[in-house]
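Encoded as structure tokens, the structure appears first; notes follow it.
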Amino acid sequence: MLPILKPYLSPALEQYARGVSLISETQTPLSQQLERVVTLSEAIAQFSAAKGVKGKRAQASVWHMHYTLQIMPSVLFVHSVLNRKLPFATEQVSIDTNHWQLQLPHQGTAMASQPTLEKYDSFIFEHLVPLHRFLVQHFGVPEPVLWSNCAFRLRQFFPTILHYTGRRTETQEDFETLTQSKFLGQLRNPFYAPRIELSDTHGSYQLRASCCFLHKVSNSKLCRDCPKQPHHADARQQQRALYKTMMATNDI
């Protein structure tokens, strides 16, 4: 856990902050880990295989869902509540493949009020983009699957953070920008997907843009919000139509 988070978390919530910490000893930087293809690929494959997942694409996505579960709560809280910008350059950070923990050289720098892109540009383009590129190249997982996984984590953790900290205006704005805006500044927002709101007996939910492959884990089923659910066929068709419209009009 980052020491800066300790005062804000009860013991029950500390488990959600364990995925990001400070580098405690000399570690191989992520830039080199990404170059050592076999070592990192085998570690990812072994993680998912231990859960009964076969097939490289599914192994990459299942690992990615775990990794984003590990790191997203800390990243969102530090950036959108504490207004600090963490370092994410691949030359500076490392991934502990034993615990799948992101290790940072320091706890970031304080920011004045900044647009969402200024807060998250390093996380998106210096961490997620090269990591996704690695998974696409060496596991064959479609990149939209990975961004859909991230978008799911944003929708999962931002409301929880807002619940515990109060509906802070800037935090709410970051949540809405990252999940609902087609652009971040002049750049396409990779987290964005056409919003298809559905409901069942448990309440409302948003259709995911892509299947995360978690149903490939032993004895698992398709997620409630999965576009592969048979009863989501019409909604999925509507979502695809919205994508095509946006692309045809250069709206995204």
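Put simply, of 77, 88, 139 the only residue that is within 22 Å of residue 47 (Cα to Cα) and buried (at least 17 other Cβ atoms within 10 Å of the Cβ) is 139.
Residue pairs whose Cβ atoms lie under 8 Å apart, sitting 6 or more positions apart in sequence or on different chains, and linking a residue in region 157-171 that is surrounded by 10 or more Cβ atoms within 10 Å (Cβ to Cβ) to a partner that is not in a helix (DSSP H, G or I), are 161/81; 162/168; 164/13; 165/81; 168/81; 170/83; 170/113; 171/81. Being touching a Cys at 6+ places or on another chain (Cβ under 9 Å) and surrounded by 19 or more Cβ atoms within 10 Å (Cβ to Cβ) is a property that residue 226 lacks. Checking each residue in region 192-223 for being surrounded by 14 or more Cβ atoms within 10 Å (Cβ to Cβ), farther than 18 Å from residue 59 by Cα and among the charged types (D, E, K, R) picks out only 208. Residues of region 140-182 that are in contact with a Leu (Cβ under 6 Å, 6 or more places away or on another chain) and assigned to a loop (DSSP other than H, G, I, E, B): 141 alone. The condition (being in contact (Cβ under 8 Å) with a residue 60 or more places away in the chain and touching a Gly at 6+ places or on another chain (Cβ under 7 Å)) is satisfied by just one residue among 141, 78, 145, 93: 78. Residue pairs whose Cβ atoms lie under 8 Å apart, separated by 6 or more positions or on different chains, with the first residue in region 37-58 and on the phi > 0 side of the Ramachandran plot and the second open to solvent by 90 Å² or more (accessible area, probe 1.4 Å) and modelled with pLDDT under 95, are 52/219.
If I ask for residues that are touching an Asp or Glu at 6+ places or on another chain (Cβ under 6 Å) and either of a type in the set (S, T, N, Q) or in a helix (DSSP H, G or I) (or both), which ones from region 59-93 would you list? Talk me through it step by step, then tell me what you get.
The first filter runs over region 59-93 and keeps only residues touching an Asp or Glu at 6+ places or on another chain (Cβ under 6 Å), leaving 80, 88-89.
Within region 59-93, just 80 meets the criteria.
Is one or more of the residues making up region 29-44 assigned to a strand (DSSP E or B) and modelled with pLDDT of 95 or more? Checked region 29-44: no residue is assigned to a strand (DSSP E or B) and modelled with pLDDT of 95 or more. Once region 4-36 is narrowed to residues that are open to solvent by less than 50 Å² (accessible area, probe 1.4 Å) and free of Cβ contacts under 8 Å to residues at least 24 places away in the same chain, the residue that is farthest from the chain's Cα centre (by Cα) is 9.
Summed over region 91-118, residues that are surrounded by fewer than 16 Cβ atoms within 10 Å (Cβ to Cβ) and among the aliphatic types (A, V, I, L, M) total 3.
The values are calculated or read from the model by the stated rules, or taken from the named source; none is laboratory data. In this text the structure is predicted, and so the values were computed from the model without any measurement. So basically every Cβ, Gly included, is an ideal-geometry build from the backbone, and we count neighbours across all protein chains shown. Heads up: the accessible areas ignore ligands, DNA and RNA and are worked out on the full protein's heavy atoms, side chains in. Shrake-Rupley method; radii C 1.70, N 1.55, O 1.52, S 1.80 Å.
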